[in-house]
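The values are calculated or read from the model by the stated rules, or taken from the named source; none is laboratory data. Since the structure is predicted, the reported quantities are computational estimates derived from the model, not experimental observations. In this analysis, Cβ positions are derived from the backbone assuming ideal geometry, glycine residues included, and neighbour counts consider all displayed protein chains. Ligands, DNA and RNA are excluded from the accessible area calculation, which covers all protein heavy atoms including side chains. Shrake-Rupley method; radii C 1.70, N 1.55, O 1.52, S 1.80 Å.
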Amino acid sequence: MPARLLHDFERFKRELPRDAAGYIRETYGVNLTARYLGYPLPHPIGKGSGQLSLRLDQLEADRAAGLAFVVLKTVIGEDAAGERSMGAWAVHESRMRVEQRPSREGKTGWTVTWKGRGWDRSFEEYLALVRTGRDITRAGGMVVVPSAKLHLPRLDEGFRDREYRHTIGGIAKAWGSAPLPIEKDFSPTLAGDSLAGERAQILRWLREVPGRIRDAVDVPVRLALKLMNATFDDAFQLEMIEAASAADTLVCFNRLWDADAAVAYGGYDLSDRNLRVLASRPRRRDGPAYAGTGNIGSGRMLLEYARLGCEAAQLHTFFQLPLGEYPAVAGSRTQRALHALLFDPADGLVAGMLQLETEGLLERRGGELHFLDVTTMRGATNPA
Ligand SMILES: Cc1cc2nc3c(=O)[nH]c(=O)nc-3n(C[C@H](O)[C@H](O)[C@H](O)COP(=O)(O)O)c2cc1C
């Protein structure tokens, strides 16, 4: 098997097979079927919301590359009069710096330094992108999910429901069928803002936002909450998970906040923290599903998140590396990234799944190894 994998890794450097997950299933008996927000996916690799899901051509390239899903850039909510309570997040900034960042433990990973925030064009333009995403999703090419940031009140304030109704209502109308999939972003810049300075305030948002979003429209909503890394300790991250239990899916966790440089960052500090918190959470049968995000740059790292219950992965930074960092020599960045994530003979998803089998941690069912079995396999984490 390793010789086969090495051969495939080499020959796919020029071009990935059109249906890579189907090829992997046939060739290696590895079934990568995954799940995000209730959608079955051919494999777990998707794109997190951000600067790489702003435009139609980006969506097209990702669909053609064979990405499983894409979360659109986060739109900043507004009411019918165009008023935005989170208007400070609609910042225009195009310059991104992709750079290496050593972690506190001395491991060097990649991070993107960028001062921008949410969607900076009109709501109408966002809705046009949602309609395109809807069409791609319906055609079965790739799942596309909108993302929004909406009013978050201080403890003594009420929620601005009109902003929720107008924004979620507009997106639901553009989506045009039920259920409406949507992700609600709690971003690192929010974590660093005085708004998020109080624990009770954050916990209230996480408890109440799901109901506010569901009540804003008369169609069923499939809701993901993308949780921030608050500036508090790990125990508080667990409290946040508990408070957010009315969501369908939790995306854990958005980037860290560097208060000195006033920028969000990733790399190994991010994955170390995310994995540590996910490992210490109580595992429940009936709670939300999980998706992982943060410094996923190999199949092995993706499997670390999967072992802690994540049924899909949202990557951003790994799709932005200098071209020379990918082993593939042709294709879009998404294709090159998928090639490494899936086929790398040492660190790819196929290699990692086969190793779990060799270690006796994962067993074949119906002749196949199943990615989703990794999320519940024994020894994965501490069951409640
Ligand atoms: C430049 C940039 C912009 C981002 N913008 C958003 C955003 O608008 N909404 C959001 O939910 N996450 C946003 N993210 C977070 C990513 O989706 C992702 O969750 C995070 O970067 C961790 O994954 P990574 O380590 O693979 O980059 C952004 C990340 C980057 C690097």
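Within segment 14-38, the set of residues being out of contact with any strand residue (DSSP E or B) (no Cβ under 7 Å at 6 or more places or on another chain), farther than 18 Å from ALA139 by Cα and open to solvent by 50 Å² or more (accessible area, probe 1.4 Å) comprises ARG14, GLU15, GLU26. Look at GLY46 and say whether it is surrounded by 20 or more Cβ atoms within 10 Å (Cβ to Cβ) and either acidic (Asp, Glu) or under 16 Å from the mean Cα position of the chain (by Cα) (or both). In short, yes. Being closer than 15 Å to LEU150 by Cβ, more than 16 Å from the ligand (Cβ to nearest atom) and surrounded by fewer than 20 Cβ atoms within 10 Å (Cβ to Cβ) is a property that ARG199 lacks. Selection over segment 209-232 of residues that are touching a Pro at 6+ places or on another chain (Cβ under 9 Å) and charged (D, E, K, R) gives a count of 2. Within segment 178-215, the set of residues being farther than 21 Å from LEU238 by Cβ, among the small types (Gly, Ala, Ser) and in contact (Cβ under 8 Å) with a residue 24 or more places away in the chain comprises ALA178, GLY211. Segment 241-358 holds helices (runs of 4 or more DSSP H) entirely within its bounds, and those carrying 2 or more residues that are surrounded by 23 or more Cβ atoms within 10 Å (Cβ to Cβ) and either acidic (Asp, Glu) or within 14 Å of the ligand (Cβ to nearest atom) (or both) map to 268-280, 299-307, 333-343. Out of segment 156-175, which residues are surrounded by fewer than 21 Cβ atoms within 10 Å (Cβ to Cβ), more than 23 Å from LYS47 (Cα to Cα) and small (Gly, Ala, Ser)? Correct list: GLY158, GLY169.
Checked against (1) under 21 Å from the mean Cα position of the chain (by Cα); (2) among the charged types (D, E, K, R); (3) closer than 23 Å to VAL143 by Cα, ASP218 meets all criteria but (1).
Of these, LEU41, LEU52, LEU67, which one is aliphatic (A, V, I, L, M), farther than 30 Å from LEU369 by Cα and crowded, with 20+ Cβ neighbours inside 10 Å? Steps first, answer last, please.
Working: LEU41 fails: farther than 30 Å from LEU369 by Cα; LEU67 fails: farther than 30 Å from LEU369 by Cα.
Every option except LEU52 fails the conditions.
Is it the case that THR111 is more than 16 Å from the ligand (Cβ to nearest atom) and either touching a residue at least 12 places away in the same chain (Cβ under 8 Å) or open to solvent by 40 Å² or more (accessible area, probe 1.4 Å) (or both)? Talk me through it step by step, then tell me what you get.
Numbers: more than 16 Å from the ligand (Cβ to nearest atom): no; either touching a residue at least 12 places away in the same chain (Cβ under 8 Å) or open to solvent by 40 Å² or more (accessible area, probe 1.4 Å) (or both): yes.
Answer is no for this residue.
Among residues of segment 359-368 being in contact (Cβ under 8 Å) with a residue 60 or more places away in the chain and open to solvent by 40 Å² or more (accessible area, probe 1.4 Å), the one that is nearest to GLY297 (Cα to Cα) is ARG364. Candidates are the residues of segment 20-66 that are assigned to a strand (DSSP E or B) and charged (D, E, K, R); the one that is farthest from the ligand (Cβ to nearest atom) is ARG35.
Number of residues in segment 79-100 that are within 13 Å of the ligand (Cβ to nearest atom) and within 14 Å of ASP161 (Cα to Cα) equals 1. Could you grab the pairs with beta carbons closer than 9 Å, sequence gap of 6+ or different chains, first residue in segment 19-39 and more than 30 Å from PRO179 (Cα to Cα) and among the small types (Gly, Ala, Ser), second one open to solvent by less than 10 Å² (accessible area, probe 1.4 Å) and not in a helix (DSSP H, G or I)? Every condition considered, the pairs that remain are GLY29/LEU369. I need the full set of residues from segment 282-317 which are farther than 20 Å from ASP185 by Cα, at pLDDT 95 or above and out of contact with any strand residue (DSSP E or B) (no Cβ under 6 Å at 6 or more places or on another chain), in order please. Those that are farther than 20 Å from ASP185 by Cα, at pLDDT 95 or above and out of contact with any strand residue (DSSP E or B) (no Cβ under 6 Å at 6 or more places or on another chain): GLY297, SER298, GLY299, ARG300, MET301, LEU303, GLU304, ALA306, ARG307, LEU308. ASP62 fulfils the conditions (1) acidic (Asp, Glu); (2) modelled with pLDDT under 95; (3) open to solvent by less than 10 Å² (accessible area, probe 1.4 Å) except for a single criterion, (2).
In the set (1) at pLDDT below 95; (2) in contact with a Cys (Cβ under 9 Å, 6 or more places away or on another chain), LEU227 fails one condition alone, (1).
The set of residues in segment 140-155 being touching a residue at least 40 places away in the same chain (Cβ under 8 Å), open to solvent by 10 Å² or more (accessible area, probe 1.4 Å) and more than 16 Å from the ligand (Cβ to nearest atom) consists of GLY141, HIS151, ARG154, LEU155.
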